Structure formats: C-alpha cells, structure tokens
Amino acid sequence: MYYDKYFPFYVAYANPMLYEGEKVQEEEFALMKSYYPETARRIQEKVEEECQLLDYEGSRLYDEHPDRYMLYHLASRIRGDIEPDMAVQEMPRGFLDDLIQVLLYQEISRRRCRRHRCRKYY
C-alpha cells in the first residue's frame, strides 16, 4: 500500500489540542476573578496562597473524602489572617465565613480537577 502524503507516526498518538481546553478555561477563570469586588479578591488571593502551601503529593486536599473539620479549620485560619488587614466590620460574621468557605471549596475543587486531569494521562 502506498500513501501519497507523508503521515508521521507521532500524529496518530498526540492530540495537539489536548490542553487547549484547559488553557481557555484558566483564562476565563482569570477574567471572572478580575470582576470580583475588592473584599472577595483579597479573600481569593489568601485562599490561593493557603492552597498553594498545601499543594503537594499526598496532601490532605487530594484525599478521596476530605475531612470536613480540616476544611473548616483552614477557613477559620484564613479568616484570622484577613481580619486585621481589612475592614470587615460592615459585613455580618456569618456572611464572611460563608464567603470564605465557598471560595476555599471552589479553589480546592478546581485544583483537584486539574490534578486529576494531569495524572490521568500518565
């Protein structure tokens, strides 16, 4: 059998658009984060900083079922860190705690999903 066009072997195995979807998703997430109000942006930065410290192989963030107390403790630590920096007196305490927990859980979920996709191809 003779092919007129040369077809390199590596084309059959590689998908050049494999990570394009993830790149677009990260750009969209960065765009949406730029629209956050100032308080939410500061909280998000602190959440990302804390998650970066816990982002290693075997971390508790990547357990199959993360411990609820550990997540609550992490959210409380984030609140303790941001409280002196900004004026949060105008916000009800329950609302700020809920906002911190939502942003924390969303960031953990995003990191777990990214880690799962990256490890899937090995």
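The values are calculated or read from the model by the stated rules, or taken from the named source; none is laboratory data. Predicted, not measured: the structure shown is a model, and the values here were computed from it. Note: ideal-geometry Cβ built from the backbone for every residue, glycine included; neighbour counts use all protein chains shown. In case anyone asks, the SASA skips ligands and DNA or RNA and just uses the protein heavy atoms, side chains included. Shrake-Rupley method; radii C 1.70, N 1.55, O 1.52, S 1.80 Å.
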### Query
When the solvent-accessible surface of protein heavy atoms is calculated with a 1.4 angstrom probe, in what order do CYS113, CYS51 fall, highest first?
CYS113, CYS51
### Message
Just to make sure I understand: if all protein chains stay in place, what is the order of MET91, MET32 by accessible area at 1.4 Å, largest first?
### Response
MET32, MET91
### LEU96/GLU64 FRET efficiency (R0 30 Å; Cβ-Cβ; nearest 0.05)
0.50
